[in-house]
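Visitor: Please see the structure below; I have some questions.
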Amino acid sequence: MDDRLFRNAMGKFATGVTVITTKVEEAVHGMTANAFMSVSLNPKLVLISIGHKAKMLEKIMAANKFVVNILSSDQKELSMHFAGQIKDEISVDFVTINDMPALKGSLANIVCNVKSTYIEGDHTLFIGEVTDLLLNDGEPLTYFEGNYGKMIKS
Ligand code: FAD
(Lines give C-alpha, C1' and ligand atoms only; values in the text may rest on other atoms or scores of the structure.)
Protein backbone atom coordinates (compact mmCIF):
# COMPACT_ATOMS: atom_id res chain seq x y z
CA MET A 1 0.00 0.00 0.00
CA ASP A 2 1.17 3.52 -0.81
CA ASP A 3 2.47 5.52 2.21
CA ARG A 4 0.77 8.72 1.02
CA LEU A 5 -2.60 6.97 0.78
CA PHE A 6 -2.20 5.67 4.34
CA ARG A 7 -1.18 9.14 5.62
CA ASN A 8 -4.14 10.73 3.84
CA ALA A 9 -6.52 8.19 5.38
CA MET A 10 -5.15 8.85 8.89
CA GLY A 11 -5.43 12.59 8.25
CA LYS A 12 -9.20 12.15 7.88
CA PHE A 13 -9.34 11.57 11.64
CA ALA A 14 -9.73 15.03 13.22
CA THR A 15 -7.82 15.34 16.49
CA GLY A 16 -6.78 17.79 19.13
CA VAL A 17 -3.09 18.64 19.42
CA THR A 18 -0.76 18.02 22.35
CA VAL A 19 2.83 18.83 23.20
CA ILE A 20 4.53 16.05 25.15
CA THR A 21 7.10 17.36 27.65
CA THR A 22 9.65 15.57 29.77
CA LYS A 23 12.88 16.25 31.63
CA VAL A 24 16.21 14.42 31.79
CA GLU A 25 18.72 15.74 34.33
CA GLU A 26 17.02 19.17 34.35
CA ALA A 27 17.08 19.40 30.51
CA VAL A 28 13.50 19.91 29.33
CA HIS A 29 12.40 18.50 25.94
CA GLY A 30 9.08 19.01 24.14
CA MET A 31 7.47 17.49 21.03
CA THR A 32 4.14 18.01 19.28
CA ALA A 33 1.95 14.90 19.11
CA ASN A 34 -1.60 14.07 18.16
CA ALA A 35 -1.34 10.29 18.67
CA PHE A 36 -2.87 10.46 22.14
CA MET A 37 -5.80 8.69 23.69
CA SER A 38 -7.41 7.91 27.01
CA VAL A 39 -7.13 4.18 27.82
CA SER A 40 -8.57 3.38 31.25
CA LEU A 41 -10.47 5.07 34.10
CA ASN A 42 -9.46 2.64 36.86
CA PRO A 43 -6.50 2.85 36.92
CA LYS A 44 -6.21 6.14 35.04
CA LEU A 45 -4.16 5.40 31.94
CA VAL A 46 -3.38 7.25 28.71
CA LEU A 47 -1.43 6.32 25.57
CA ILE A 48 1.02 8.22 23.38
CA SER A 49 2.86 6.99 20.27
CA ILE A 50 6.39 8.23 19.57
CA GLY A 51 8.21 7.73 16.26
CA HIS A 52 11.60 6.03 16.41
CA LYS A 53 13.31 9.00 14.72
CA ALA A 54 12.07 11.44 17.38
CA LYS A 55 14.53 12.58 20.03
CA MET A 56 11.62 12.37 22.45
CA LEU A 57 11.85 8.58 22.42
CA GLU A 58 15.13 8.31 24.32
CA LYS A 59 14.13 11.19 26.60
CA ILE A 60 10.99 9.42 27.82
CA MET A 61 12.90 6.14 28.10
CA ALA A 62 15.41 7.93 30.36
CA ALA A 63 12.91 9.95 32.40
CA ASN A 64 10.25 7.24 32.69
CA LYS A 65 7.80 10.14 33.02
CA PHE A 66 6.05 12.52 30.63
CA VAL A 67 3.42 15.23 30.54
CA VAL A 68 0.69 15.49 27.90
CA ASN A 69 -0.19 19.17 27.38
CA ILE A 70 -3.49 19.53 25.49
CA LEU A 71 -3.20 22.73 23.45
CA SER A 72 -5.70 25.56 23.24
CA SER A 73 -6.54 27.36 20.00
CA ASP A 74 -4.17 30.15 21.18
CA GLN A 75 -1.21 27.75 21.11
CA LYS A 76 -0.84 26.99 17.38
CA GLU A 77 2.59 28.66 17.30
CA LEU A 78 3.73 26.38 20.14
CA SER A 79 2.54 23.34 18.23
CA MET A 80 4.47 24.43 15.14
CA HIS A 81 7.55 25.18 17.26
CA PHE A 82 7.57 21.80 19.01
CA ALA A 83 7.03 20.04 15.68
CA GLY A 84 10.10 21.79 14.24
CA GLN A 85 7.88 23.55 11.66
CA ILE A 86 9.19 27.03 12.54
CA LYS A 87 12.76 27.84 13.35
CA ASP A 88 12.26 31.32 14.84
CA GLU A 89 13.11 31.68 18.53
CA ILE A 90 9.96 31.89 20.60
CA SER A 91 9.54 32.21 24.33
CA VAL A 92 8.00 29.17 25.95
CA ASP A 93 6.45 29.45 29.41
CA PHE A 94 6.76 26.26 31.42
CA VAL A 95 5.15 25.57 34.78
CA THR A 96 6.31 22.83 37.13
CA ILE A 97 3.84 20.20 38.31
CA ASN A 98 5.23 17.70 40.78
CA ASP A 99 8.76 18.39 39.48
CA MET A 100 7.74 17.87 35.83
CA PRO A 101 7.76 20.58 33.11
CA ALA A 102 4.36 21.47 31.66
CA LEU A 103 3.23 24.10 29.15
CA LYS A 104 1.54 27.09 30.74
CA GLY A 105 -1.93 27.94 29.41
CA SER A 106 -2.76 24.50 28.01
CA LEU A 107 -6.30 23.16 28.35
CA ALA A 108 -4.95 20.24 30.37
CA ASN A 109 -1.57 19.14 31.74
CA ILE A 110 -1.58 15.39 32.32
CA VAL A 111 1.44 14.14 34.28
CA CYS A 112 2.24 10.44 33.85
CA ASN A 113 4.61 7.73 34.98
CA VAL A 114 5.44 5.24 32.23
CA LYS A 115 3.56 2.02 33.08
CA SER A 116 4.38 -0.01 30.00
CA THR A 117 6.03 0.29 26.59
CA TYR A 118 5.18 -1.48 23.33
CA ILE A 119 7.35 -1.31 20.22
CA GLU A 120 5.06 -1.49 17.19
CA GLY A 121 6.50 -0.94 13.71
CA ASP A 122 8.35 2.38 13.54
CA HIS A 123 6.73 3.78 16.71
CA THR A 124 6.83 3.02 20.44
CA LEU A 125 3.58 3.18 22.38
CA PHE A 126 3.84 4.42 25.95
CA ILE A 127 1.07 3.69 28.43
CA GLY A 128 1.18 6.37 31.12
CA GLU A 129 -0.35 6.14 34.58
CA VAL A 130 -1.74 9.57 35.42
CA THR A 131 -0.36 11.06 38.65
CA ASP A 132 -1.36 14.74 38.42
CA LEU A 133 -3.80 16.85 36.41
CA LEU A 134 -4.19 20.60 35.86
CA LEU A 135 -7.13 21.96 33.84
CA ASN A 136 -7.85 25.35 32.24
CA ASP A 137 -10.86 26.67 30.34
CA GLY A 138 -10.55 27.48 26.63
CA GLU A 139 -11.11 26.23 23.09
CA PRO A 140 -9.06 23.36 21.62
CA LEU A 141 -6.52 23.56 18.80
CA THR A 142 -7.58 20.99 16.18
CA TYR A 143 -5.77 19.14 13.38
CA PHE A 144 -7.38 17.71 10.23
CA GLU A 145 -5.87 16.74 6.86
CA GLY A 146 -2.57 18.35 7.88
CA ASN A 147 -4.13 21.70 8.76
CA TYR A 148 -4.70 23.42 12.07
CA GLY A 149 -8.17 24.63 12.93
CA LYS A 150 -10.59 25.52 15.67
CA MET A 151 -13.64 23.69 16.91
CA ILE A 152 -16.97 24.87 15.53
CA LYS A 153 -19.65 24.37 18.18
CA SER A 154 -23.06 23.24 16.91
P1 FAD B 1 13.20 18.13 17.87
O2 FAD B 1 12.72 17.98 16.46
O3 FAD B 1 14.62 18.36 18.13
O4 FAD B 1 12.40 19.23 18.68
C5 FAD B 1 11.17 19.70 18.25
C6 FAD B 1 11.18 21.20 18.43
O7 FAD B 1 10.94 21.49 19.82
C8 FAD B 1 12.47 21.91 18.04
O9 FAD B 1 12.12 23.09 17.34
C10 FAD B 1 13.11 22.24 19.38
O11 FAD B 1 13.88 23.42 19.34
C12 FAD B 1 11.89 22.45 20.27
N13 FAD B 1 12.16 22.19 21.69
C14 FAD B 1 12.41 20.99 22.26
N15 FAD B 1 12.61 21.16 23.58
C16 FAD B 1 12.47 22.49 23.85
C17 FAD B 1 12.54 23.30 25.04
N18 FAD B 1 12.84 22.77 26.23
N19 FAD B 1 12.29 24.63 24.94
C20 FAD B 1 12.01 25.17 23.74
N21 FAD B 1 11.95 24.48 22.58
C22 FAD B 1 12.17 23.15 22.64
N23 FAD B 1 5.46 12.57 16.03
C24 FAD B 1 5.29 11.45 16.80
O25 FAD B 1 6.25 10.69 17.01
N26 FAD B 1 4.07 11.14 17.37
C27 FAD B 1 2.98 11.92 17.20
O28 FAD B 1 1.91 11.63 17.72
C29 FAD B 1 3.13 13.10 16.38
N30 FAD B 1 2.06 13.91 16.16
C31 FAD B 1 2.24 15.06 15.46
C32 FAD B 1 1.13 15.91 15.32
C33 FAD B 1 1.25 17.11 14.62
C34 FAD B 1 0.03 18.01 14.48
C35 FAD B 1 2.50 17.46 14.07
C36 FAD B 1 2.64 18.77 13.32
C37 FAD B 1 3.61 16.63 14.20
C38 FAD B 1 3.49 15.43 14.92
N39 FAD B 1 4.58 14.56 15.11
C40 FAD B 1 4.42 13.40 15.84
C41 FAD B 1 5.91 14.89 14.57
C42 FAD B 1 6.85 15.50 15.65
O43 FAD B 1 6.25 16.58 16.33
C44 FAD B 1 8.15 16.02 14.98
O45 FAD B 1 8.73 14.99 14.21
C46 FAD B 1 9.14 16.56 16.01
O47 FAD B 1 10.07 17.42 15.37
C48 FAD B 1 9.94 15.48 16.71
O49 FAD B 1 10.61 16.08 17.79
P50 FAD B 1 11.96 15.54 18.40
O51 FAD B 1 11.66 14.89 19.74
O52 FAD B 1 12.73 14.72 17.40
O53 FAD B 1 12.75 16.84 18.77
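The values are calculated or read from the model by the stated rules, or taken from the named source; none is laboratory data. This is a predicted model, so every value here is computed, not measured. With ideal geometry, Cβ positions are generated from the backbone for all residues, glycine too; neighbour counts draw on all protein chains shown. The accessibility values were calculated without ligands, DNA or RNA, using every heavy atom of the protein model including side chains. Shrake-Rupley method; radii C 1.70, N 1.55, O 1.52, S 1.80 Å.
Visitor: At 1.4 Å probe size, with the rest of the protein present, what percent of the exposed accessible area of the stretch 1-120 is carbon and sulfur atoms?
Guide: Carbon and sulfur together cover 52 percent of it.
Visitor: Explain nothing, just compute: Karplus ³J(HN,Hα) = 6.51 cos²θ - 1.76 cosθ + 1.60, θ = phi - 60°, for every residue of the stretch 42-59 in order, whole Hz, x for Gly and Pro.
Guide: Going residue by residue, I get 9, x, 7, 10, 10, 10, 10, 10, 10, x, 6, 8, 6, 4, 4, 4, 5, 5 Hz, with x marking Gly and Pro.
Visitor: Here's a follow-up. At 222 nm, what helix-only mean residue ellipticity would the chain give, in deg cm²/dmol to the nearest 500, using -39500 (n - 2.57) for each DSSP H run of four or more?
Guide: On the way: 3 runs with 23 residues, N = 154.
So the helix-based figure for the chain works out to -4000 deg cm²/dmol.
Visitor: Hey, another quick one. Would you mind computing, in nm to one decimal, how far apart the modelled labels at residue 147 and residue 88 are, each placed 7 Å from Cα along Cα→Cβ?
Guide: Computed distance between label sites residue 147 and residue 88 equals 2.2 nm.
Visitor: Quick check for me: using +1 on Lys/Arg Cβ and -1 on Asp/Glu Cβ, what's the dipole size of the chain about its Cα centre, in debye to the nearest 20? Could you put the intermediate results ahead of the total?
Guide: On the way: 15 positive and 18 negative charges, 62 e Å.
Rounded to the nearest 20 debye, it is 300 debye.
Visitor: Shifting gears a bit: Per-residue HN-Hα couplings for the stretch 70-86, Karplus 6.51 cos²θ - 1.76 cosθ + 1.60 at θ = phi - 60°, whole Hz, x for Gly and Pro?
Guide: 7, 7, 8, 4, 7, 10, 4, 4, 5, 4, 5, 4, 7, 9, x, 8, 10
Visitor: Something else now. Give the accessible surface of the chain per residue, rounded to a whole number of Å², with probe radius 1.4 Å and ligands, DNA and RNA excluded.
Guide: Working: 9550 Å² over 154 residues.
I get 62 Å² per residue for the chain.
Visitor: Right, something else. Pick from 58, 26, 129 the residue whose mean-square fluctuation is largest in a GNM of the chain, springs joining Cα atoms under 10 Å.
Guide: Among 58, 26, 129, the largest mean-square fluctuation in the Gaussian network model of the chain belongs to 26.
Visitor: Hey, another quick one. Whole angstrom only: what separates the Cα centroid of the stretch 110-136 from the Cα centroid of the stretch 1-64?
Guide: 8
Visitor: Can you tell me the relative contact order of the chain? Whole percent, Cα pairs under 8 Å, sequence separation 6 or more. Numbers along the way, then the final one.
Guide: Working: 312 pairs, mean separation 43.2, N = 154.
Value for the chain: 28 percent.
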